[in-house]
Amino acid sequence: MEIFNKTNTPSLALEEFEYDNKIVRNFALATVIWGGVGMLVGVLAAFQLVYPELNFNLPFTTFGRIRPLHTNAVIFAFVGNGFFTGMYYAAPRVLRTPMYSQLLSKIHFWGWQLIIVMAAISLPLGWTSGKEYAELEWPIDIAIAVVWVIGMLNLIMTTIKRRTEHIYAAVWFFIASYVTVALLHVINSINLPISLTKSYSVYAGVQDALVQWWYGHNAVAFFLTTPYLGLMYYFLPKAANRPIYSYRLSIVHFWTLIFIYIWAGPHHLLYTALPDWAQSLGTVFSIMLLAPSWGGMINGLMTLRGAWDKVRDDVVLKFMVVAVTAYGMATFEGPMLSLKNVNAIGHYTDWIVAHVHVGALGWNGFLTFGMLYWLFPRLYKRPLYSKKLANLHFWIGTIGILFYAIPMYWAGWVQSAMWREFTEDGFLKYPNFLETVTQLIPFYALRGIGGTLYLFGWGLMIYNLLKTAQAGSLKEVEKAQAANMTHQTHQNEYWHRKWFERKPVLLTVGSLIVVAIGGMVEMIPTFMIQSNIPTIESVKPYTPLELQGRDIYVREGCYTCHSQMVRPFRDEIERYGEYSKAGEFVYDHPFQWGSKRTGPDLHRVGGKYPDSWHYNHMEDPTSMSPGSIMPAYPWLLEHELDTTTTAAKIKAMQILGVPYEKGYEQVANQELIEQANGVVKRLADAGIETEPTREIVALIAYLQRLGTDIKAENNPN
Amino acid sequence: MSAIYVLMLAGLAVAGTFMLVFLWSVKSGQYDDDITPSIRILFDEEPEKKADELKSG
């Protein structure tokens, strides 16, 4: 064992220490449980698009609130806990030291679970900041930042106290994930609170979109990808019992990936008001990403060279091979979708939904399952209860992914083609958007079946893992031995010297980061406000009633199905009207451009239909659009609008630079009622009786305002 | 478009931090040996319970 001696010189005294398996088991259980919840909610959301009755006519179970619950649950609860499970197992073992602090581990665990519970309560209640994958309101955002930093501290201190000079590639991936996500989360979540459950993004319109998608893209990169690459670099070689194909490639993979990823965000905003050079820059970096991503995939798959017979027998390896393959497919597709001409087809369609689910179900899901099937026998010192069941899980899960992805790709292409098809006379072939939706319902049904199969596989897994656990008993601590690095005789001096030399540097760097974050938190709002000067003169702030209506739009999660961004394409201008300009969104805190058109774009909906149409449509969408799959919102017709918040909202907007006159908050409610009376009168003319203080009135006022300011510029009357 | 400057600053801060860490890692000899670390992680099991003995029945 010559290679071994290089770090563990036999003449050194060995130190004994223990690995904490309990924290690993706890995180693993949380992964399994929250994963099931997240997938179940996903299946519900999938079938809501087939059978709108499944929205149950209740605010809490309507698609607009269920979809954020699903995305937050699978990203932060399932994948988050999956990352921590693997990290608490792998990091101490490759660093040859226990985790730095058991107390921090515990706070990390319980803190994260508490955040998930708060998310699961607050999202169905409609407490949302209205930004995708960052919907949670500000008190939860703060809790996330604190718990995240606690986890990061625990890992970094463990790395510092390690008993091996070399830091294994997996740990590099973990650390980079922690550092970057912390920064993304803080910058994107800078909100101005108006109450415990409501806040406004300090950024507006294009600015908000840019920050959001810088966050959104990098959340995929540093929450769903790099932590799991760390897991791959540890658990795949362990499961195959052979070293990674090329350790050198893993180092190149790591550094190139993290350097390139951070610049690719603008590919989410192609053909929007973002400056062209920023769009092109994002595209170039997205294409470059293909190289490190595939380098990583090849590294994973080639680890099994000459051992593919093992894959036939070992279910853990099967899961991992499919996971790495799915990673390769998703990271090929990503750069392709970043090309402007491909993006023009794919954006707003189910193609994107297919793309992310290949990543989520294939890469994150299957890597997690492989890891859990490998871990449980080691934590409980018993063989896996049933290999057969695990194999069944593998096949059902794989078929589930295919049933999910293929119909969604198909649906995306079908719908995109229908949107842009013209007749020979130059008219839209499908002028009614609904036609392009009802066409997709069979695909949505198949997708729901795929999701159900995948969830069923998860059920087999939980049974299998519980049986394994029952048959054995948790080995709470595991003893290990290693020499302390600092005791090494001739390297001793060198090591210390280096440590003291680099400590001030590290300290400086660390404090710089802290200062930079603190400084940005203070500075960003100030100079964001200065740039919120409208470039289109006719664009005016929302009236108090419209502002309240807009907050209802955000609360109900309308952006999960409707975009507010008409792209400069012939078919979109024909269908929706004038394409959207950056200057039209300067008062939008937060922006509501959306990323998916399950329903039509709404940016030019203002004035398109009478108020009574909206009233009837919200009560029962099928009354106005037969065959519509939109949920009904009957409670908006009943609920009293909370006007006590108006003054606070106006004041908050003033702080954010929206030019309401001084003291406007005093008269805001008066104007609100006046405008509401106008809506009520128009409704009464159409034979609808309602009160001016119903939520529906505010929502109608907002919808009728959407995208109309620019028309005032064209006709000054 | 001032948000873009904030993001570029933040991006550069992250990339700069990574660059410093990268330089440190190369200088401190983290990558002098690019074979042993990949093998070493395979040897941290307790000797009496090898992976092979955990095969499922």
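The values are calculated or read from the model by the stated rules, or taken from the named source; none is laboratory data. Keep in mind that this is a model prediction, so the values were computed, not measured. Virtual Cβ from ideal backbone geometry, glycine too; neighbours counted across all protein chains shown.
Couple of notes before you dig in:
- Of all the numbered requirements in (1) at the interface with another protein chain (Cβ under 7 Å from one of its Cβ atoms); (2) surrounded by fewer than 16 Cβ atoms within 10 Å (Cβ to Cβ), B:Asp32 misses one, and that requirement is (1).
- Options A:Ser195, A:Ser177; residue that is over 19 Å from the mean Cα position of the chain (by Cα) and modelled with pLDDT of 90 or more: A:Ser195
- On the stretch given as the stretch A:214-230, residues that are more than 10 Å from every other protein chain (Cβ to nearest Cβ) and either under 17 Å from the mean Cα position of the chain (by Cα) or surrounded by fewer than 24 Cβ atoms within 10 Å (Cβ to Cβ) (or both) total 11.
- Output for the stretch A:136-191, where each listed residue is charged (D, E, K, R) and within 14 Å of chain B (Cβ to nearest Cβ): A:Arg162, A:Arg163, A:Glu165
- Filtered residue count, the stretch A:609-648, keeping only those that are more than 22 Å from A:Phe47 (Cα to Cα) and acidic (Asp, Glu): 4
- The number of residues in the stretch A:237-271 that are at pLDDT 90 or above, within 13 Å of A:Pro292 (Cβ to Cβ) and more than 7 Å from chain B (Cβ to nearest Cβ) comes to 7.
- Here A:Leu153, A:Leu114, A:Leu104, A:Leu125 are screened, and the one residue that is without any contact (Cβ under 8 Å) to a residue 60 or more places away in the chain and more than 26 Å from B:Val14 (Cβ to Cβ) is A:Leu114.
- Among (1) more than 22 Å from the chain's Cα centre (by Cα); (2) closer than 30 Å to A:Ser280 by Cβ; (3) modelled with pLDDT of 95 or more, the one test that A:Met302 misses: (2)
- Residue in the stretch A:195-208 that is within 12 Å of chain B (Cβ to nearest Cβ), assigned to a loop (DSSP other than H, G, I, E, B), crowded, with 23+ Cβ neighbours inside 10 Å and touching a His at 6+ places or on another chain (Cβ under 6 Å) present: yes
- Looking only at the stretch B:4-18, residues that are at the interface with another protein chain (Cβ under 8 Å from one of its Cβ atoms) and either surrounded by fewer than 18 Cβ atoms within 10 Å (Cβ to Cβ) or under 15 Å from A:Leu183 (Cβ atoms) (or both) come to 10 in all.
- The residues of the stretch A:254-284 that are surrounded by fewer than 22 Cβ atoms within 10 Å (Cβ to Cβ), part of a helix (DSSP H, G or I) and touching a His at 6+ places or on another chain (Cβ under 9 Å), listed by number, are A:Gln279, A:Thr283.
- Within the option set A:Met418, A:Met461, being crowded, with 19+ Cβ neighbours inside 10 Å, part of a helix (DSSP H, G or I), aliphatic (A, V, I, L, M) and out of contact with any Gly (no Cβ under 7 Å at 6 or more places or on another chain) holds for one residue only, A:Met461.
- Residues that are among the small types (Gly, Ala, Ser), surrounded by fewer than 17 Cβ atoms within 10 Å (Cβ to Cβ), more than 10 Å from chain B (Cβ to nearest Cβ) and within 30 Å of B:Val26 (Cα to Cα) occur at least once in the stretch A:285-292.
- Sole exception among (1) more than 29 Å from A:Pro266 (Cα to Cα); (2) in contact (Cβ under 8 Å) with a residue 60 or more places away in the chain; (3) surrounded by fewer than 24 Cβ atoms within 10 Å (Cβ to Cβ) for A:Val353, by number: (1)
- Residue list for the stretch A:357-382, restricted to those being within 20 Å of the chain's Cα centre (by Cα) and either outside the structural domain of A:Gly397 (by TED's automatic domain parsing) or touching a residue at least 60 places away in the same chain (Cβ under 8 Å) (or both): A:Gly359, A:Ala360, A:Leu361, A:Trp363, A:Asn364, A:Gly365, A:Leu367, A:Thr368
- Yes/no for A:Tyr233 being within 8 Å of chain B (Cβ to nearest Cβ), over 18 Å from the mean Cα position of the chain (by Cα) and modelled with pLDDT of 90 or more: no
- When A:Pro626 is tested against (1) loosely packed, with under 13 Cβ neighbours inside 10 Å; (2) farther than 25 Å from A:Thr61 by Cα, just one condition goes unmet, and that condition is (2).
- In the stretch A:556-675, counting only helices (runs of 4 or more DSSP H) that sit wholly within it, the ones holding 2 or more residues that are within 29 Å of A:Glu691 (Cβ to Cβ) span A:611-619, A:621-624, A:635-638, A:646-655.
- All helices (runs of 4 or more DSSP H) inside the stretch A:304-354 with 3 or more residues being over 26 Å from A:Thr226 (Cβ atoms): A:308-313, A:340-346
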